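These notes are about the structure you will find just below.
The values are calculated or read from the model by the stated rules, or taken from the named source; none is laboratory data. Every value quoted in this text rests on a predicted model; they were computed, and no experiment measured them. Protein only, heavy atoms only, side chains kept; ligands, DNA and RNA dropped before computing areas. Shrake-Rupley method; radii C 1.70, N 1.55, O 1.52, S 1.80 Å.
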Amino acid sequence: MVKAEIEKKGCSTRRWLWLVMALVAVFVAMVMSSRTSPKALFGAIDRACPCARGTPKYSGMVEDCCCDYETVDRLNEEVLHPSLQELVKTPFFRYFKVKLWCDCPFWPDDGMCRLRDCSVCECPESEFPESFKKPDHRLSMTDLVCQEGKPQAAVDRTLDSKAFRGWTEIDNPWTNDDETDNDEMTYVNLQLNPERYTGYTGPSARRIWDAVYSENCPKYPSQELCHEEKILYKLISGLHSSISIHIASDYLLDEATNLWGQNLTLMYDRVLRYPDRVRNLYFTFLFVLRAVTKASDYLEQAEYDTGNPNEDLTTQSLIKQLLYNPKLQAACPIPFDEANLWKGQSGPELKQKIQQQFRNISAMMDCVGCEKCRLWGKLQVLGLGTALKILFSVDGQENSSHTLQLQRNEVIALTNLLNRLSESVKFIQEMGPTAERIMEGGHFSAHTRTLISSWKKIWSYVSKT
């Protein structure tokens, strides 16, 4: 018995000796690996410490704008984001009129998506209010053309009994949409169709953005690009960044369990690792905000009639709170100065050229192979086109309330676009530093995972001895 106890203690001693040796080996390996980068071993701890962060990564004035990054973040958090979140949920701003069944004018349908479960069934006619009713334009089940990708790309067309009335149809010179073709238009509840991951990836999705950038707003070296062309590029880049952020912030992490969450790796790879894309997001946000503030008289006087007086009064009140917030007026009264553009003799010609380029971009939204992506693409491009219309198609700020005319759909698109950009800026502010710490510490993390794996094997061996 004594001999057995001695052998037992000997085994225990050897086990702990192996454990100590393993710990020493792991620590030495980590120290040796950190010699090429002194912060590799403890960098993650340093980066996580708020006191060591110093100045924000984005500071100073937003390029070509009249506000700085810190002010934008503060105003968005305190004023814009809360107001817009309430506003887009009201009955007036909840519904968007859109033509979802369109042929691509630039290239033939590649036929990649013919899945039955990605099709969208129209609501029964009994569900529509009288003002929604229109000539029958239903598609048979055999003729349904569905979007590419996954079922989550399908648009939910459920509508409740509240609906808004018609508005004056006036063409927007900056966009391609024909809003007068009511037979092919349908109303969509935006609250039931959030902008998020849909599974729409691959060559078809890349072809859209490639065409947008290469044919309509190419990024030439700065000396080859005039100021107005830079503005167009930055607007499209900022919109692209915002769309990528919304996909990453609401991502299908596990299709088998329908688990949704944040994909910080995707956000870093598509946006954060390119500082100019973040800057362009802020620029686009301020550009659209300027359009809203410039049209403040028009938006204040507009009728937000949905047939529900209480809801309509709430919408009117929220609009006024947004337009005339004292913090916004004091800190950032003119987010972007449009008076600096279209100068010189070539101004009118250049304006027509860029206007046609943006119209082409608008038309490209009919080529998007995912129905939900097409919905949000059309809405946001229309919103951006409305901002361009307000800033550059109205002569002078003083009499803009008398000359500016907007479709109801344009107001809805403009407001929802501003909300989308506000959400993206807020998500960048809140989650950007975390995503950068995770991804920029990737070398150390990968090495650490290898060492931890080795450590687990050693521990497994030691525990069995």
Subject >> For the stretch 345-375 and the stretch 253-271, distance of Cα centres in Å >> reply: 30 Å
Subject >> Length-normalised contact order of the stretch 230-359 in % [C-alpha pairs under 8 Å, at least 6 apart] >> reply: 21 percent
Subject >> Å² of accessible area per residue within the stretch 286-408, as computed with a 1.4 Å probe and no ligands counted >> reply: 42 Å²
